[in-house]
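Undergrad: If you scroll down you'll find the structure; I have some questions about it.
The values are calculated or read from the model by the stated rules, or taken from the named source; none is laboratory data. As the structure is a computational prediction, the values presented were derived from the model and not from experiment. Don't worry about glycine lacking a Cβ; one is built from the backbone with ideal geometry, like all the others, and counts go over all protein chains shown. For the accessible areas, the whole protein counts, side chains as well, though only heavy atoms, and no ligand, DNA or RNA atoms are used. Shrake-Rupley method; radii C 1.70, N 1.55, O 1.52, S 1.80 Å.
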Amino acid sequence: MILATTAVSMLTACGGLGTGMGTSTNSGNSSGTGSVLGGIIGAITNGEGIGNAITSVLGFDKVTAKGLVGAWHYAGPGCAFTSENMLAKAGGEMAAVQVKEKLKSQFDALGFTASNTSVTFTEDGKFAAKIGGRSWSGTWTLDESTGAITLKGLILSIKGYTKRSVTGISLLFESKKLLSILQTIAAISGNSTVQAVGDLSKNYDGVRLGFEFAK
């Protein structure tokens with residue numbers, strides 16, 4: 001409850017509780033604030049919400065190349081803001097929880113599970129990944145100072161970001177890049193449910209989206 005109270009105070013200081021997803025209005029503020037407040041209290045008092053509040057900005061909890069090596073399995077959607085300033089503009093630290101909740105329904109619809117979505121990094125700079133059961137492999141390089149990672153495959157090459165998460169690590173991308181990846185997967189599988197990523201890219205500035213992995 002102390003953590004929840006602190007978070008609510010921070011959100012209020014950042015300009016109000018209704019700024020997430022661009023739905024804030026001056027009218028009906030009392031009922032709207034109560035609704036959002038209830039959701040935030042519920043999110044922050046579970047383990048996942050607390051973890052997001054602590055590690056919701058890129059640059060904190062950096063991953064080393066050595067720490068990245070190993071086999072990682074999908075644990076849920078991930079997100080982080082590029083700076084504390086961007087996070088504050090989005091409505092406070094618990095905005096990360098709201099983003100992940102939006103992504104979860106989309107990821108569930110695409111069928112992502114620990115068994116069909118994974119990535120393995122080896123010490124010799126190679127990786128082998130599966131995203132929704134679709135295989136992807138190549139080489140990887142990590143800039144430990146920034147957390148930026150480059151994944152180069154035969155057909156697809158992409159730049160992303162790594163950071164530590166509650167479950168293990170997060171592999172994150174600019175929202176438009178992640179949307180392209182998910183749209184490709186959806187097209188191959190005949191699934192046309194990908195929408196929330198595009199909406200998030202319009203409503204949250206400076207957010208990186210992707211996957212959380214655990215060993």
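Undergrad: Among the residues of the range 173-192, are any under 18 Å from Lys66 (Cβ atoms), in contact (Cβ under 8 Å) with a residue 12 or more places away in the chain, assigned to a strand (DSSP E or B) and not aliphatic (A, V, I, L, M)? Explain how you work it out, then say what you get.
TA: Step one: list which residues in the range 173-192 are under 18 Å from Lys66 (Cβ atoms), which gives none.
The answer is no; no qualifying residue exists.
Undergrad: Out of the residues in the range 76-110 that are polar (S, T, N, Q) and part of a helix (DSSP H, G or I), which is most open to solvent (accessible area, probe 1.4 Å)? I'd like the intermediate steps shown before the answer.
TA: Narrowing the range 76-110 to residues polar (S, T, N, Q): 82-83, 85, 98, 105-106.
When the remaining residues are screened for being part of a helix (DSSP H, G or I), the result is 85, 98, 105-106.
Numbers: Asn85: 93, Gln98: 52, Ser105: 67, Gln106: 30 Å².
So the residue we want is Asn85.
Undergrad: Now, a different point. Which condition number does Ile149 fail, the rest of (1) surrounded by fewer than 20 Cβ atoms within 10 Å (Cβ to Cβ); (2) in a strand (DSSP E or B); (3) β-branched (Val, Ile, Thr) being met?
TA: (1)
Undergrad: Next question. Regarding Phe121, is this residue aromatic (Phe, Trp, Tyr) and over 13 Å from the mean Cα position of the chain (by Cα)?
TA: Against the criterion (aromatic (Phe, Trp, Tyr) and over 13 Å from the mean Cα position of the chain (by Cα)), Phe121 qualifies.
Undergrad: Looking at Ala96, Ala128, Ala90 in this structure, which one is touching a residue at least 60 places away in the same chain (Cβ under 8 Å) and not aromatic (Phe, Trp, Tyr)?
TA: Values: Ala96 fails: touching a residue at least 60 places away in the same chain (Cβ under 8 Å); Ala128 fails: touching a residue at least 60 places away in the same chain (Cβ under 8 Å).
Testing whether each residue is touching a residue at least 60 places away in the same chain (Cβ under 8 Å) and not aromatic (Phe, Trp, Tyr) leaves just Ala90.
Undergrad: Further question on the same structure: Out of the range 67-106, which residues are farther than 25 Å from Ile185 by Cα and among the β-branched types (Val, Ile, Thr)?
TA: Those that are farther than 25 Å from Ile185 by Cα and among the β-branched types (Val, Ile, Thr): Val69, Thr82.
Undergrad: Before we move on, is Lys126 exposed (fewer than 14 other Cβ atoms within 10 Å of the Cβ), at negative phi and of a type in the set (Lys, Arg)?
TA: Considered against the rule, which asks whether it is exposed (fewer than 14 other Cβ atoms within 10 Å of the Cβ), at negative phi and of a type in the set (Lys, Arg), Lys126 comes out as yes.
Undergrad: Looking for something modelled with pLDDT of 80 or more and in contact with a strand residue (DSSP E or B) (Cβ under 9 Å, 6 or more places away or on another chain) - is there at least one such residue anywhere in the range 34-57?
TA: Applying the first criterion (modelled with pLDDT of 80 or more) to the range 34-57 yields 56-57.
If we keep only those that are in contact with a strand residue (DSSP E or B) (Cβ under 9 Å, 6 or more places away or on another chain) too, we end up with 56-57.
Scanning the range 34-57, I find at least one residue that is modelled with pLDDT of 80 or more and in contact with a strand residue (DSSP E or B) (Cβ under 9 Å, 6 or more places away or on another chain), so the answer is yes.
Undergrad: Residues of the range 58-96 being under 13 Å from Ser165 (Cβ atoms) and under 10 Å from the mean Cα position of the chain (by Cα), which ones?
TA: Once the filter is applied, which keeps residues that are under 13 Å from Ser165 (Cβ atoms) and under 10 Å from the mean Cα position of the chain (by Cα), the range 58-96 yields Gly76, Pro77, Gly78, Cys79, Ala80, Ala96.
Undergrad: May I pose another question? Name the single residue, out of those in the range 166-215 being acidic (Asp, Glu) and farther than 13 Å from Lys102 by Cβ, that is modelled with the highest pLDDT.
TA: Result: Glu212.
Undergrad: I'm trying to understand the selection: among the residues of the range 111-123, which are polar (S, T, N, Q), open to solvent by 20 Å² or more (accessible area, probe 1.4 Å) and assigned to a loop (DSSP other than H, G, I, E, B)?
TA: Thr113, Ser115, Asn116, Thr122
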